[in-house]
Amino acid sequence: MQNTKKYYAGIDIGGTKIAFGITGEDRKLLARCSMPVGPERPFDVIVEEMAGAVKAVAADAGLDPGRIASVGIGVPSTVDPKTGRVAFANNLGWRDLDLTGEFKKHWDIPVYVENDADCAALAEAMEGPAAGKNVLVITIGTGFGGGLVMNGKIFKGGDNSGFEPGHSALVFGGELCTCGQRGCVEAYASVSALIRQTREKMEARRDSLMWRECGGDLAKVDGRTSFNAAKKGDVAANEVVKVYIEYVAAGIANLVTLFRPEMVIIGGGISEEGEYLLGPLRKSAENRIYAADILSMPPLVKARLGNDAGIIGAALLGMVPPGLPDGAAGKGNAAGGGAEPGAGGPV
Ligand SMILES: [Zn+2]
């Protein structure tokens, strides 16, 4: 019998690599691959390679490229999903570029462009118990990023500038953030911030087990150093972890108070700490939300899709997602002002 199912391609552009995948309508990845970004290379060369790589991964999935219904691209940037333009991707050096138009030079197919964290949030918000709910997804890594899916749509703000959960102020006049402001949530609750906090404590506590965890080398401190030592009973490491979790909790509690999501999902490498992180995080966030005695803290859970969330979410941009009736994808966004894709749906 002829296979009439639809297939969708997702591209997740990261700071160091670009990941590609093909999904069916069930949102399961059929094949995936990745390549280094090489951000020093010209934009048009990178995009041409991307088009070739998507066709190659389609072949890996046993599909002729003609079977692919659309290509969704997640970019670490402020993007305009209506035009498919990349406004500014600071770690790629991309500024005001027509990503959709460039891609279509190599493959004339409906193309959707979205912020990468929003793609991941969209994918996580459709999985398991999160499906159909208003969901806040926080990804904790180098930064403190995330997305908010409300009423089946990615929350974009009034001018499509998006949602920057890491860049509201947590400490007035505090640590300098990568964005140029001081005291942002990201400057205290990202893994980069945890690494700084770990090193500071290690310098003050030469007897800490954390020194052994990183081979006595401050340069080798990572997001696991303090957690690993804390689990072994190290007092100084416990202090680092406790304070760090308070920062994360404060950032999340602010967002819960503002948006009242029905579920909070934590992704990024740090979520691998599981309940060791999530248990105290739940308690601390619960104590910090507005009217905590009346309004309950929504369930706070670990992300389910891991590193695949970005690819799947990008592919989802071209689908009419079941459970997201208002988030239905429209036409390709460079094909004459099509409807906003998965992010917004028909306007
Ligand atoms: Zn900031």
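The values are calculated or read from the model by the stated rules, or taken from the named source; none is laboratory data. These figures come from a predicted structure and were not determined experimentally. Cβ: placed from backbone, ideal geometry, glycine included. Neighbour counts: every protein chain shown. These accessible areas exclude ligands, DNA and RNA; they are computed on the full protein's heavy atoms, side chains included. Shrake-Rupley method; radii C 1.70, N 1.55, O 1.52, S 1.80 Å.
Some notes on this structure:
- Test: Arg95 is among the basic types (Lys, Arg) and in contact with a Leu (Cβ under 8 Å, 6 or more places away or on another chain): no
- Given (1) in a loop (DSSP other than H, G, I, E, B); (2) open to solvent by less than 40 Å² (accessible area, probe 1.4 Å), index of the condition Asp222 fails: (2)
- Exactly one residue out of Gly146, Gly132 is on the phi > 0 side of the Ramachandran plot and either open to solvent by less than 10 Å² (accessible area, probe 1.4 Å) or within 16 Å of the ligand (Cβ to nearest atom) (or both): that is Gly146.
Each row is one residue, and each column tells you yes or no for (1) on the phi < 0 side of the Ramachandran plot; (2) open to solvent by 10 Å² or more (accessible area, probe 1.4 Å); (3) out of contact with any Phe, Trp or Tyr (no Cβ under 7 Å at 6 or more places or on another chain); (4) not β-branched (Val, Ile, Thr).
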position	(1), (2), (3), (4)
Lys242	yes, yes, yes, yes
Ile252	yes, no, yes, no
Thr257	yes, yes, no, no
Pro261	yes, no, yes, yes
Gly267	yes, no, yes, yes
Glu272	yes, yes, yes, yes
Lys283	yes, yes, yes, yes
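- Any pair with Cβ under 6 angstrom, 6 or more apart, that starts in the stretch 179-193 at a residue that is assigned by TED's automatic domain parsing to the domain that holds Gly251 and more than 19 Å from Phe163 (Cβ to Cβ) and ends at one that is in a helix (DSSP H, G or I) and within 7 Å of the ligand (Cβ to nearest atom): Ala193/Ala187
- Each residue in the stretch 165-181 was checked for being more than 8 Å from the ligand (Cβ to nearest atom) and not aromatic (Phe, Trp, Tyr), and 9 pass.
- Test: residue in the stretch 311-323 that is of a type in the set (A, V, I, L, M, F, W, C), open to solvent by 10 Å² or more (accessible area, probe 1.4 Å) and not in a helix (DSSP H, G or I): yes
- Index of the failed condition, Pro165 passing every other in (1) under 28 Å from Gly318 (Cα atoms); (2) out of contact with any helix residue (DSSP H, G or I) (no Cβ under 7 Å at 6 or more places or on another chain): (2)
- Candidates Thr23, Thr4, Thr16, Thr100 - the one that is surrounded by fewer than 16 Cβ atoms within 10 Å (Cβ to Cβ), of a type in the set (Ser, Thr, Tyr) and farther than 26 Å from Thr178 by Cβ: Thr4
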